[in-house]
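**Student:** Dropping a structure here in structure tokens format, bear with me for questions.
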């Protein structure tokens with residue numbers, strides 16, 4: 001069966017610090033991978049998606065970036081965090097019909 | 001922008017059917033209706049999807065009007081664990097990305 005892992009579960013970072021969130025998927029090959037963010041009181045916003053290794057599409061301009069160094073690994077990064085980067089970050093994988101979400105990382109930028 | 005309109009919140013008594021409406025008056029012929037839900041502090045969970053026929057699975061039923069401009073998600077016997085935000089999404093199958101609106105907060109009470 002397929003599983004998706006995200007870490008860390010929670011993170012508190014100062015403004016201006018770097019960020020690296022990791023997502024890995026098990027039990028499937030060549031999935032589409034997604035990063036979403038949910039800010040407090042707001043809906044889910046798609047940040048990035050990837051249809052293969054090294055292929056990243058950005059949905060919104062921001063100070064975040066994503067990379068897919070391996071088929072089942074998706075990394076969300078920032079060189080300098082902003083207060084507005086606080087939120088609940090969700091990684092998802094999927095193919096045609098469904099997307100399956102990970103447990104999420106709750107990021108607080110102070 | 002989300003292409004669907006949902007009520008902000010709904011209440012339902014435990015054991016009763018929960019009927020969650022969604023308007024998607026601008027839906028295209030090749031767009032499906034998807035429903036996801038998000039329990040607090042967890043990632044979204046796929047529930048069901050359909051094109052024009054009514055669909056049923058172990059979680060819920062989806063009723064789509066003949067003109068496809070609206071649909072209703074039915075949880076036949078709501079439990080306290082069904083308390084969540086329910087998202088109605090329209091997308092072209094295979095398009096890969098999901099656009100989440102604000103959803104409906106369903107509160108199931110004893």
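Values quoted throughout were computed directly from the atomic coordinates according to the rules given, and no laboratory measurement underlies them. Just so it is clear, the model here is predicted, and its values are computed rather than measured. Quick reminder, even Gly has a Cβ in these numbers, built from the backbone with ideal geometry, and neighbours come from all protein chains shown.
**Student:** Among the DSSP beta bridges whose two residues both lie in chain A, what percent are antiparallel, rounded to the nearest 5?
**Tutor:** Taking every DSSP beta bridge with both residues in chain A, the antiparallel ones total about 90 percent.
**Student:** Taking 25 °C and 0.890 mPa s as the conditions, I'd like the Stokes-Einstein D for the protein assembly as shown in µm²/s, using the Kirkwood hydrodynamic radius from alpha carbon pairs.
**Tutor:** Value of D from the Cα-based Kirkwood radius: 135 µm²/s.
**Student:** Computed from the mean reciprocal separation of all distinct C-alpha pairs, what Kirkwood hydrodynamic radius does the range A:1-61 have, in Å?
**Tutor:** 13.7 Å
**Student:** While we're here: In Å, what Kirkwood hydrodynamic radius results for chain A from the alpha-carbon pair distances?
**Tutor:** Result for chain A, one decimal place: 13.9 Å.
**Student:** Related question: Please compute P(r) over all alpha-carbon pairs of chain B, binned at 10 Å starting from zero, and give each bin as a whole-number percent.
**Tutor:** 15, 51, 29, 4, 0
**Student:** Against the globular-protein guess of 2.2 N^0.38 Å, express the Cα radius of gyration of the range B:45-110 as a ratio, rounded to two decimals.
**Tutor:** Cα-based Rg divided by the globular estimate yields 1.17.
**Student:** Between A:63, A:32, A:97, find the one with the highest GNM mean-square fluctuation for chain A; connect C-alpha pairs within less than 10 Å.
**Tutor:** Looking only at A:63, A:32, A:97, the largest GNM fluctuation is found for A:97.
**Student:** For chain A, modelled as a Gaussian network with Cα springs under 10 Å, which listed residue fluctuates most, A:99, A:13, A:62?
**Tutor:** Among A:99, A:13, A:62, the largest GNM mean-square fluctuation belongs to A:62.
**Student:** So what is the relative contact order for chain B, in percent, with contacts set as C-alpha pairs under 8 Å and at least six apart?
**Tutor:** Once normalised by length, the contact order is 38 percent.
**Student:** Any idea how far apart residue B:30 and residue B:14 come out in nm if each label point goes 7 Å out from Cα toward Cβ?
**Tutor:** Between residue B:30 and residue B:14, the label points sit 4.7 nm apart.
**Student:** State, to one decimal in nm, how far the label point of residue B:53 lies from the label point of residue A:11, with both points 7 Å from Cα in the Cβ direction.
**Tutor:** Between residue B:53 and residue A:11, the simple spin-label model gives 4.5 nm.
**Student:** Note down the nm distance, to one decimal, between modelled labels 7 Å out along Cα→Cβ at residue B:81 and at residue A:55.
**Tutor:** If labels sit at residue B:81 and residue A:55, their model points lie 3.8 nm apart.
**Student:** Another question, if that's okay. Distance from a point 7 Å along Cα→Cβ of residue B:92 to each backbone N in the range B:1-36: keep the residues under 18 Å and list them by number.
**Tutor:** B:1-4, B:26-34
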